[in-house]
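The values are calculated or read from the model by the stated rules, or taken from the named source; none is laboratory data. Bear in mind that the values here come from a model prediction, so they are computed numbers and not experimental data. Please note: Cβ atoms are built from the backbone with ideal geometry, for glycine as well, and neighbour counts cover all protein chains shown.
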Amino acid sequence: MNTLVPQQVWIPAPPPVRLPPPDVWIPVIPERPRIQAWTPLGWVPLATGPTFPPGTRIKIEVPITNNSNESFSTRIRVGIFEGSILPGRGDRIATIDSSWQTLTVGQTRDFSVTHTTRLREGVERRDVNIEVQYLDAGRVTSGGEREWDDLFWVEEKIEFVIGEPTVTAA
């Protein structure tokens, strides 16, 4: 008769959680910003990863939540970069700052910037970095940042439709 003997398995303890001091700014940045395009009817939200022709005015919008224990005057700084098929990002195309807004404790607000797309040497994908900045004793301080690869694409579309020819006497 066989007897089952339980085996001991060593499971390492998880590393200790390190919380920042209570007076440190802790922004909450969502998974992906919302991208919108300007149309004659106004701003139209688009699906994630949309493609735009060069010269399109777009709006990048992201909600930011203040999880600190005090109110701050806050803005976002958006960096737009050439995308790359390799890890990392390409050259910086633009840096755009939003307007300053006051974020009270626990408050979430949408921050947005606008940008006009342009094609640069055939590189179509665009990476976007969003940095939260706040005023601390009159000094602009970084409150954290996040980057998204291939958030949108810029592509020049060249396409012709050839119709059915007709033949008539000249």
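Take residue 138 and decide whether it is touching a strand residue (DSSP E or B) at 6+ places or on another chain (Cβ under 6 Å), modelled with pLDDT under 90 and not charged (D, E, K, R). Walk me through how you get there before you give the answer.
Values: touching a strand residue (DSSP E or B) at 6+ places or on another chain (Cβ under 6 Å): no; modelled with pLDDT under 90: yes; not charged (D, E, K, R): yes.
No; evaluated as a whole, the condition is false for this residue.
Are there any pairs with C-beta distances below 7 angstrom linking a residue in segment 108-135 that is of a type in the set (Ser, Thr, Tyr) and modelled with pLDDT of 85 or more to a residue that is crowded, with 19+ Cβ neighbours inside 10 Å and not in a strand (DSSP E or B), with the two at least 6 apart or on different chains, and if so which?
Listed by first residue and then by second, the contacts come to 112/98; 134/25.
Go through segment 113-145 and give me each residue that's within 11 Å of the chain's Cα centre (by Cα) and either more than 16 Å from residue 74 (Cα to Cα) or hydroxyl-bearing (Ser, Thr, Tyr) (or both).
The answer is 126, 127, 128, 129.
Looking at segment 66-110, which of its residues are in a strand (DSSP E or B), β-branched (Val, Ile, Thr) and farther than 18 Å from residue 136 by Cβ? Working first, answer last.
Quick first cut of segment 66-110, residues in a strand (DSSP E or B) only: 66, 72-82, 92-97, 101-103, 108-110.
Applying the additional criterion that residues be β-branched (Val, Ile, Thr) yields 74, 76, 78, 80, 93, 95-96, 102, 108.
Across segment 66-110, the qualifying residues are 78, 80, 93, 95, 96, 108.
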